Amino acid sequence: MDHKLVKQLEFIDKALEVSSNYFLDHFSKMICGDEPYNCFVYRSSSNLTKFFDELGMPYSHDGSTRWRWVKSVLEQISIEENGTQMLLKIYYGLFDDKLKVTNQNYSVFDSFLNDEKDNDDSSKKAKEAFKKLIEVSCKESSIPNFNDNFLNEIKRSEVVDINDKYCENLLKLAKEKFDKQQRKDAINDLWDIFERLKTYLDNSNKKESSHKLVIIMSEFTNISNQDLEAEFKSLTGFGNKYNIRHHEHNKTILDANSYDFLFYKMLNFLNLIIDVLKGLKK
């Protein structure tokens, strides 16, 4: 493989590894030609469908917010076996009017590796914007992220010795889905585990079982019953209000940007419940 092409793919891999959400968020807006990237060609709903189709990627816009839909497409592509190459191909397509990207004997991606001249001012600005996106996305943040040891430990912890293989397997599956960018499904699984653990101490009466669990958790943590009850109600309310466990038309649709927060919030609380239940014998 050409050395320059290898470097280009390495940059995209690094951007996905370090700042996947940020990188795909801004890349999707570039593809749409939305603010602040109006130096890119604006693409309407039908033109987005056409754009992907001509790249050999049969994605059809579903009528939702354009950049969010594009981001969901990019997330799917990024976890495929040749996802990095496909993302590079999409970049090529942004600057190829005829979209004959597979037969190019040069790389327009050079523009973010080198300071090459570009005759078209908008095209030059667009390439510079992508170069900047790559630079920012590849830069390690000083803010702890979801790859730090603490959160990795949270994700690696197993459900053991609580006599519930269903929860153990579902938790393992949720973590695998989350790592594969299937965040919505992962969150659904965590909320299912939460509802199931509420009945752990009395499967005939969820309310009474939850109350008993709160008392034990309070003794285990020294957190007041009232505060733990409030957390139970808050998480239950999230599941009922948003499209987590229920999908009726009156449910609020979560933005993809909220998935990381909700996943780790619920996962951390489940780990506390599990720690409490480990020492109990049914």
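Assorted remarks:
- Against the numbered list (1) in a helix (DSSP H, G or I); (2) over 23 Å from LYS14 (Cβ atoms), ASP34 comes up short only at (1).
- Just one of the listed residues (LYS29, LYS71, LYS50) is farther than 27 Å from LEU254 by Cα, in a helix (DSSP H, G or I) and among the basic types (Lys, Arg), and it is LYS50.
- Sole exception among (1) modelled with pLDDT under 90; (2) small (Gly, Ala, Ser); (3) touching a Phe, Trp or Tyr at 6+ places or on another chain (Cβ under 6 Å) for SER28, by number: (1)
- Verdict on SER60 being modelled with pLDDT of 90 or more, within 26 Å of ARG183 (Cα to Cα), assigned to a loop (DSSP other than H, G, I, E, B) and polar (S, T, N, Q): yes
- Some residue of segment 51-67 being under 22 Å from PHE130 (Cα atoms), of a type in the set (Lys, Arg) and in contact with a Leu (Cβ under 9 Å, 6 or more places away or on another chain): yes
- Of all the numbered requirements in (1) under 19 Å from the mean Cα position of the chain (by Cα); (2) assigned to a helix (DSSP H, G or I), PHE11 misses one, and that requirement is (1).
- Condition check for VAL18: out of contact with any strand residue (DSSP E or B) (no Cβ under 6 Å at 6 or more places or on another chain), surrounded by 16 or more Cβ atoms within 10 Å (Cβ to Cβ) and in a helix (DSSP H, G or I): yes
- Selection count, segment 176-193, where residues are buried (at least 21 other Cβ atoms within 10 Å of the Cβ) and either closer than 14 Å to PHE232 by Cα or not assigned by TED's automatic domain parsing to the domain that holds ILE274 (or both): 3
- Within segment 45-66, the set of residues being more than 22 Å from the chain's Cα centre (by Cα), among the hydroxyl-bearing types (Ser, Thr, Tyr) and surrounded by 13 or more Cβ atoms within 10 Å (Cβ to Cβ) comprises SER45, THR49.
Yes/no matrix, rows are residues, columns are (1) at pLDDT 80 or above; (2) surrounded by 12 or more Cβ atoms within 10 Å (Cβ to Cβ); (3) not in a helix (DSSP H, G or I):
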{"position": "ILE223", "(1), (2), (3)": "yes, yes, yes"}
{"position": "LEU228", "(1), (2), (3)": "yes, yes, no"}
{"position": "PHE232", "(1), (2), (3)": "yes, yes, no"}
{"position": "GLY237", "(1), (2), (3)": "yes, no, no"}
{"position": "ILE244", "(1), (2), (3)": "no, yes, yes"}
{"position": "HIS247", "(1), (2), (3)": "no, no, yes"}
{"position": "ASN250", "(1), (2), (3)": "no, no, yes"}
{"position": "PHE261", "(1), (2), (3)": "yes, no, no"}
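The values are calculated or read from the model by the stated rules, or taken from the named source; none is laboratory data. Quick caveat, the model's predicted, so the values are computed rather than measured. Reconstructed Cβ throughout: ideal geometry from the backbone, glycine too, with neighbour counts over all protein chains shown.
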